[in-house]
1. Does Thr95 satisfy being in contact with a helix residue (DSSP H, G or I) (Cβ under 8 Å, 6 or more places away or on another chain), part of a loop (DSSP other than H, G, I, E, B), touching a residue at least 24 places away in the same chain (Cβ under 8 Å) and surrounded by 14 or more Cβ atoms within 10 Å (Cβ to Cβ)?
2. How many residues does region 55-66 contain that are more than 13 Å from Leu145 (Cα to Cα) and either part of a strand (DSSP E or B) or open to solvent by less than 40 Å² (accessible area, probe 1.4 Å) (or both)?
3. I'm trying to understand the selection: among the residues of region 71-92, which are in contact (Cβ under 8 Å) with a residue 40 or more places away in the chain and open to solvent by 40 Å² or more (accessible area, probe 1.4 Å)?
4. What are the residue pairs meeting all of these: first residue in region 40-67, first residue more than 15 Å from Ala110 (Cα to Cα), second residue basic (Lys, Arg) and not in a helix (DSSP H, G or I), Cβ atoms under 6 Å, and 6 or more apart or on different chains?
5. Got at least one residue in region 38-52 being surrounded by fewer than 18 Cβ atoms within 10 Å (Cβ to Cβ), within 10 Å of the chain's Cα centre (by Cα) and outside any strand (DSSP E or B)?
Amino acid sequence: KIMKLKFIVICCILIMGIFSACSKDGNINNSANNTEDIIVEISTCEAKTLVDTNQDLIIVDVRTREEYEQGHIKGAILVPYDKIAESRENIEKFTDKPILIYCRTGRRSAISIEALREYGFSKIYHMGEGISKICENVDDFQDVLTR
């Protein structure tokens, strides 16, 4: 189990390195001149590793209050996707931090990414599989979920 976790961490680091070092056309970017947003699609397992290892990570749940109260990733801030514009002042203070965004299946969080980019977020991790995928393997994720 420890070897599996190490493998996942190493894979995540490599993937993040590849995404942050290369632009869309495959050329290496000069980080001082890179103003391009970085949006990384990650699996639920990669999200768990990110939550476990990144202290600066801001976690945003864009589901409804009822869904959030049924269970969410520990430390997640509830910002329903249809209320992002109303919550702009509260979330803009986190634009310099990496953000993990998720919903139930990935649809609402994908819609929310555009608004977050407009508000200045440049490092966005999208858990496109959604929290429903975590709930399928809840035993592996008990330490990061509230119920």
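The values are calculated or read from the model by the stated rules, or taken from the named source; none is laboratory data. This is a predicted model, so every value here is computed, not measured. Neighbour counts are summed over all protein chains in view; Cβ atoms, including those assigned to glycine, are modelled from backbone coordinates with ideal geometry. All accessible areas refer to the heavy atoms of the entire protein, side chains included, with ligands and DNA or RNA removed. Shrake-Rupley method; radii C 1.70, N 1.55, O 1.52, S 1.80 Å.
1. Numbers: in contact with a helix residue (DSSP H, G or I) (Cβ under 8 Å, 6 or more places away or on another chain): no; part of a loop (DSSP other than H, G, I, E, B): yes; touching a residue at least 24 places away in the same chain (Cβ under 8 Å): yes; surrounded by 14 or more Cβ atoms within 10 Å (Cβ to Cβ): yes.
The answer is no for Thr95.
2. Here is the first cut: in region 55-66, the residues more than 13 Å from Leu145 (Cα to Cα) are 55-58, 60, 62-66.
Those left that are additionally either part of a strand (DSSP E or B) or open to solvent by less than 40 Å² (accessible area, probe 1.4 Å) (or both): 57-58, 60, 62-63.
Total meeting the criteria: 5.
3. Here is the first cut: in region 71-92, the residues in contact (Cβ under 8 Å) with a residue 40 or more places away in the chain are 71-74.
Once the filter is applied, which keeps residues that are in contact (Cβ under 8 Å) with a residue 40 or more places away in the chain and open to solvent by 40 Å² or more (accessible area, probe 1.4 Å), region 71-92 yields only Lys74.
4. Cβ pairs passing all conditions: Asp56/Lys97; Ile58/Lys97.
5. Yes, the conditions are met somewhere in region 38-52.
Each row is one residue, and each column tells you yes or no for (1) out of contact with any Lys or Arg (no Cβ under 6 Å at 6 or more places or on another chain); (2) at pLDDT below 85.
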| position | (1), (2) |
| --- | --- |
| Met3 | yes, yes |
| Ala21 | yes, yes |
| Asn27 | yes, yes |
| Ala32 | yes, yes |
| Ser43 | yes, no |
| Ala47 | yes, no |
| Leu57 | yes, no |
| Arg65 | yes, no |
| Gly71 | no, no |
